[in-house]
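Where a number appears in this text, it was derived from the coordinates with a stated rule and is not lab data. Keep in mind the model is a prediction, meaning the values are calculated, not measured. Neighbour counts are summed over all protein chains in view; Cβ atoms, including those assigned to glycine, are modelled from backbone coordinates with ideal geometry.
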Amino acid sequence: MRFMTQDTENIDPEEDPVIGYIISAVERGTPVSPRDIAIEIADDRAKENSPKDAWRKYLLAVKQQAKHLARTGRISILRRGRPIDPNKMKGLVKLSLPVSPAPEE
């Protein structure tokens, strides 16, 4: 399975495979969009006759699992480089390793 990383002991084998893709993507160190993760999943599961936009069917699952992971503190959801409340996730966002919120100005 491609989503396994050197930190595989933290991934529960019963866990949704989408979570593995998200954790693997954010562990690379740079914030990543849910769309990029959905494309990676679609590419890994593609068949010869798969449409080019097959990634779209994975996007909702990536977003839902990202919200779950953010609520449990395993990742952060960023808008304009700042962490946001997972319940307010919409629009263009990126996922990253957990970051602490910036103090209010």
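What net charge is computed for the residues neighbouring K67, neighbours being all others with C-beta under 12 Å from the C-beta of K67, Lys and Arg scored +1, Asp and Glu -1?
Numbers: positive: K63, R71, R74, K88, K90; negative: D85.
After counting each charged neighbour, the total is +4.
Under a point spin-label approximation (7 Å from Cα along Cα-to-Cβ), what is the D85-K47 distance to one decimal in nm?
Label at D85, label at K47, 4.3 nm between them.
Express the C-alpha Rg of segment 8-96 as a ratio against the empirical globular expectation 2.2 N^0.38 Å, rounded to two decimals. Can you show the working numbers first?
Numbers: Rg = 13.0 Å, N = 89, 2.2 N^0.38 = 12.1 Å.
The value comes to 1.07.
For the residues D53, D43, what sequence is obtained by ranking on other C-beta atoms within 10 Å, fewest first? Display every interim value, and only then the final one.
Values: D53 9, D43 12.
Ascending Cβ contact count within 10 Å gives the list D53, D43.
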